[in-house]
1. So which residues in region 42-92 are surrounded by fewer than 19 Cβ atoms within 10 Å (Cβ to Cβ), within 22 Å of K20 (Cα to Cα) and either among the polar types (S, T, N, Q) or within 14 Å of the chain's Cα centre (by Cα) (or both), if there are any at all?
2. Please work out if I73 is within 16 Å of ligand 2 (Cβ to nearest atom) and more than 24 Å from F194 (Cα to Cα).
3. Could you tell me which residue of region 139-150 is farthest from ligand 2 (Cβ to nearest atom), considering only residues that are over 14 Å from A103 (Cβ atoms) and open to solvent by less than 10 Å² (accessible area, probe 1.4 Å)?
4. Would you pick out the residues in region 115-134 that are open to solvent by less than 10 Å² (accessible area, probe 1.4 Å), in contact (Cβ under 8 Å) with a residue 40 or more places away in the chain and touching a helix residue (DSSP H, G or I) at 6+ places or on another chain (Cβ under 8 Å)?
5. Between S29, S33, which is in a loop (DSSP other than H, G, I, E, B), touching a residue at least 60 places away in the same chain (Cβ under 8 Å) and not aliphatic (A, V, I, L, M)?
Amino acid sequence: MTIKLTFLGHSAILIEAKRKKILIDPFISGNPSATVKASEMKVDDILLTHAHGDHTGDAITIARNSNAQISAIFELANYLAAKGVKTQGLNMGGKVPFDWGYACWLPASHSSSLPDGTYGGSPASILIDIDGTKIYHAGDTGLHYNLKMVGEFYKPDIALLPIGGFYTMGIEEALKAIEWLNPKIVVPIHYNTFPPIKTDVNKFKSNVGEQTTSKCVILNPNESLEI
Ligand code: NI
Ligand code: MN
């Protein structure tokens, strides 16, 4: 089975497997680096790490157009359900079954409120398991020791890690996170979208090569990786 992972810019990731399309953190129309149109996207599931506008993004529009369910932490799911979309509210650590596998919402060290100030519940990261292939989207986060737990217990194959700094961890913290997560492949996310999170992604890639046993794959917006 091939799993196709496409970077849509910022933290937005499209995963295609088992004839299903799974979309994480679809911040597309407001994203200066996006090359796809949110209004044209059709997916099966939308998963959200937290409530900030650069992660919930176009979730409502795409959910409506696709008749897709949004899975998110309970408080965020309730907020979205009130806007008339199908949602599934969940919480930390349970295995949430999908017809393509399962996902677990796990800790992130961050905050989570909607653009109108409504409390969005806990911020999270998401581990996706498709027939034993594990993809870990770290969400927005600073360095935290639960990443060691994720590495030890869930053993992700691929880690999507924020490296832009300012709102999240930067390059040096991400290198420590890679040591703890020990993935085969790391894909940097959440950098260069806006001036405060500008960083040198090529420096990150060379540091990963020199200091870790993982392989760094830089994806430009709309570029894919097949697993
Ligand atoms: Ni955030
Ligand atoms: Mn963010």
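1. Once the filter is applied, which keeps residues that are surrounded by fewer than 19 Cβ atoms within 10 Å (Cβ to Cβ), within 22 Å of K20 (Cα to Cα) and either among the polar types (S, T, N, Q) or within 14 Å of the chain's Cα centre (by Cα) (or both), region 42-92 yields T61, N65, S66, N67, Q69, Q88.
2. yes
3. So, considering only residues that are over 14 Å from A103 (Cβ atoms) and open to solvent by less than 10 Å² (accessible area, probe 1.4 Å), the one farthest from ligand 2 (Cβ to nearest atom) is L147.
4. G120, G121, S125
5. S33
Yes/no per residue for (1) under 17 Å from the mean Cα position of the chain (by Cα); (2) within 22 Å of T6 (Cβ to Cβ):
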residue	(1), (2)
I185	yes, yes
I189	yes, yes
F194	no, yes
D200	no, no
K203	no, no
G209	no, no
C216	yes, yes
P221	yes, yes
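The values are calculated or read from the model by the stated rules, or taken from the named source; none is laboratory data. Being a predicted model, the structure only gives us computed values, none of them experimental. Cβ coordinates were reconstructed from backbone atoms using ideal geometry, including for glycine residues, and neighbour counts include every protein chain displayed. Protein only, heavy atoms only, side chains kept; ligands, DNA and RNA dropped before computing areas. Shrake-Rupley method; radii C 1.70, N 1.55, O 1.52, S 1.80 Å.
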